[in-house]
Amino acid sequence: MVFRILGNAVPSFSLGGLILGTGICLGQTSDLPYYMHKSFSPSWEDRGARSLTFTGLQNQLGQQISSRDWQGKITVLNFFFTGCPGLCDLLMKQMAKLRKELPEEVRLVSMSVDPETDRPKVLRSYQERYPRNSYEWHLVTGKKSVIYNLARAYFFAENTLKSDEAILHNEMFYLLDHKLRIRGIYNGTLPRSRKDIQSDVRSLLSSNRAN
């Protein structure tokens, strides 16, 4: 089995309350692992792999969405907020490039962690900063409690923020399969991550077609 390691193995770091390590094992080229634990250690069996589940969120067009709407497509997801001037701008530029590079059948999702500010109209205006094609790229907002519960329970965000005003976000991109299970984790600030995501998406698409 061949693993890719993104980033150097350095001590854990904290961004907006979310603590992660940078030496993360990613999927191999033919059969991607599942990520089910906050340690981000890969599992090669799907037993216990959880599907992302939610209701009551909105995209930038004001459309109500739930996890059921996303079943059946591969998804690349990240967290951001429009008031984040540095890191988020870099991540969203990377997502815009991915949107051009990935096939139409892959959905991109950027989930706001400041939903009280980032209403659909704000997200719609914000997205105009980034060039893209017409394929799916959802900017998502909704109740803060729903989004933060997802971030903590499914994406293993740190449970303790420094204050109620602190905003939870990080630089990771997450690859979800057609059943919305985590199959890859990448440092979204690194340009080479896009190539790894493209490779892993091809692996998932091939696997889906074979089944």
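The values are calculated or read from the model by the stated rules, or taken from the named source; none is laboratory data. For clarity, every value in this text was computed on a predicted model and none was experimentally measured. So basically every Cβ, Gly included, is an ideal-geometry build from the backbone, and we count neighbours across all protein chains shown.
Looking at region 172-189, is at least one residue modelled with pLDDT under 90 and acidic (D, E)? No: region 172-189 contains no residue that is modelled with pLDDT under 90 and acidic (D, E).
The set of residues in region 107-157 being β-branched (V, I, T), over 19 Å from the mean Cα position of the chain (by Cα) and part of a loop (DSSP other than H, G, I, E, B) consists of T117 alone.
Just to be sure before I move on: is I65 of a type in the set (V, I, T) and either more than 21 Å from R194 (Cβ to Cβ) or surrounded by fewer than 18 Cβ atoms within 10 Å (Cβ to Cβ) (or both) in the structure I sent? The answer is yes for I65. Tell me which of these L57 doesn't satisfy, since it passes every other one: (1) at pLDDT below 95; (2) aliphatic (A, V, I, L, M); (3) surrounded by 15 or more Cβ atoms within 10 Å (Cβ to Cβ); (4) farther than 24 Å from L205 by Cα. The single condition L57 does not satisfy is (1). Scanning region 168-211 for residues that are among the polar types (S, T, N, Q) and assigned to a loop (DSSP other than H, G, I, E, B) returns N170, T189, N211.
Evaluated against (1) assigned to a loop (DSSP other than H, G, I, E, B); (2) hydroxyl-bearing (S, T, Y); (3) over 20 Å from N208 (Cα atoms), S51 falls short on exactly one condition, (3).
Here is the figure for region 67-99: residues that are more than 16 Å from the chain's Cα centre (by Cα) and among the small types (G, A, S) total 3.
Might you let me know whether region 132-143 holds any residue that is surrounded by fewer than 21 Cβ atoms within 10 Å (Cβ to Cβ), over 16 Å from I167 (Cβ atoms) and among the basic types (K, R)? Yes; the residues of region 132-143 include at least one that is surrounded by fewer than 21 Cβ atoms within 10 Å (Cβ to Cβ), over 16 Å from I167 (Cβ atoms) and among the basic types (K, R). Looking across region 15-41, the residues that are at pLDDT below 90, not β-branched (V, I, T) and not in a loop (DSSP other than H, G, I, E, B) come down to L15, L18, L20, C25.
Residues that are farther than 21 Å from P191 by Cα and free of Cβ contacts under 8 Å to residues at least 24 places away in the same chain do not occur anywhere in region 85-97.
With respect to the conditions (1) exposed (fewer than 13 other Cβ atoms within 10 Å of the Cβ); (2) modelled with pLDDT of 90 or more; (3) among the β-branched types (V, I, T), V106 lacks only one, and its number is (1).
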